[in-house]
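Have a look at the structure below, then the notes.
Every number in this text was worked out from the coordinates using simple rules, so none of it is lab data. Computed from a prediction, not measured in an experiment: that's the story for all the values here. Note that we place each Cβ from the backbone using ideal geometry, even for glycine, and neighbour counts take in every protein chain shown.
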Amino acid sequence: ELTKKKFCFWSGPEEKILATLADCTRQSPINIQWRDSIYDPFLKPLKISYDPTTCLHIWNNGYSFLVEFDDSADRSVITGGPLENQYRLKQFHFHWGAINEWGSEHTVDSKVYPAELHLVHWNAVVYPTFEEAVMEGNGLAVIGVFLKLGEHHEGLQMLVDALPAVKHKDTVIEFDVFDPSCLIPSCPDYWTYAGSLTTPPLTESVTWIIKKKPIEVDENQLEAFRMLLFTSDGEEEKRMVDNFRPLQPLMNRTVRSSFQ
Ligand SMILES: CC[C@H](CNC(=O)c1ccc(S(N)(=O)=O)cc1)c1ccc2[nH]ccc2c1
Ligand SMILES: [Zn+2]
């Protein structure tokens, strides 16, 4: 029955056994061991072209805050890199910790960052809807960018200033011009591997593209993330922190690098 109903477990140590049984062999996040990654000279540079006017709103969905985009046409897209097709930007969101010692989902040589940005794209060339793409092996492409404590980030500050308006779960605020490429390091280097969503339904539909260089943000900006709430207005307040999934087994996967 397990092999038919494909779902991946989220629990403790028996994960490895269940994962094999249920054929959940490409779960995310993972630790990227720099020296085990394989330089692939055939990897192309990632081509990112976002139209800032496709930005729609910021939404606290009770897991993270999402900045959502109009994905009804090919106006904000990525292509190249490890991708066979062009993928449309649908949303970006973050994962972070209660303190600066942890928060990212992926790690590099077991180094944890205080936060991680995910820019979520879907393969609108092959699939008619995002919901269908989420269920397919080549359906999604997510760019991961690590955040590290450092200089104030001007571009992020526009987002941070809007966060008090989405403090509670299921609140939305209009956000109509934002270019997310200001959150992506100019260094072209990345790792890439076949993985999954890091929140339920954990579908194994993501081509991960993890940027080697982090972006720098300051303490106040990280603190602004931590004042968001998992809970709705009127409920007992629970701060939105530690919204990251534990590391998953690499199983039989290779991480490729675009750089030597
Ligand atoms: C199928 C799940 C999907 C909602 N989730 C996501 O889109 C998503 C995207 C990226 C990541 S991460 N952290 O890996 O980058 C995690 C989750 C989703 C999409 C459409 C839906 N319609 C009704 C319900 C519903 C759920
Ligand atoms: Zn994410």
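Summary table below
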{"quantity": "Distance violations [Cα-Cα > 25 Å] among Lys90/Lys213; Lys44/Lys90; Lys111/Lys169; Lys169/Lys213", "calculated": "Lys111/Lys169; Lys169/Lys213"}
{"quantity": "Local net charge near Asp233, Cβ-Cβ under 13 Å (Lys/Arg +1, Asp/Glu -1)", "calculated": "-1"}
{"quantity": "Gaussian network model of the chain, springs between alpha carbon atoms under 10 Å - residue of Lys90, Lys44, Lys213 with greatest fluctuation", "calculated": "Lys44"}
{"quantity": "Loop-located GluC sites (Glu not before Pro) in segment 32-130, at most 14 other Cβ atoms within 10 Å (DSSP)", "calculated": "Glu84, Glu101"}
{"quantity": "Ellipticity estimate at 222 nm from DSSP helix runs (n ≥ 4, -39,500 (n - 2.57)) divided over the chain, nearest 500", "calculated": "-2500 deg cm²/dmol"}
{"quantity": "For the chain, built as a Gaussian network whose Cα springs stay under 10 Å, the top-fluctuating residue of Trp59, Trp96, Trp34", "calculated": "Trp34"}
{"quantity": "Most fluctuating residue given options Phe225, Phe178, Phe42, as computed from a GNM of the chain linking Cα atoms under 10 Å", "calculated": "Phe42"}
{"quantity": "Three-way shape call for segment 65-193 based on the alpha-carbon gyration tensor, with the a/c threshold at 1.5", "calculated": "oblate"}
{"quantity": "Length added when fully stretched, Arg75-Lys47, from 0.36 nm per residue minus Cα-Cα", "calculated": "8.8 nm"}
{"quantity": "Distance between segment 204-260 and segment 38-111 - C-alpha centres, whole angstrom", "calculated": "11 Å"}
{"quantity": "Estimated FRET transfer efficiency (Glu216, Asp23; beta-carbon r; R0 41 Å; 0.05)", "calculated": "0.55"}
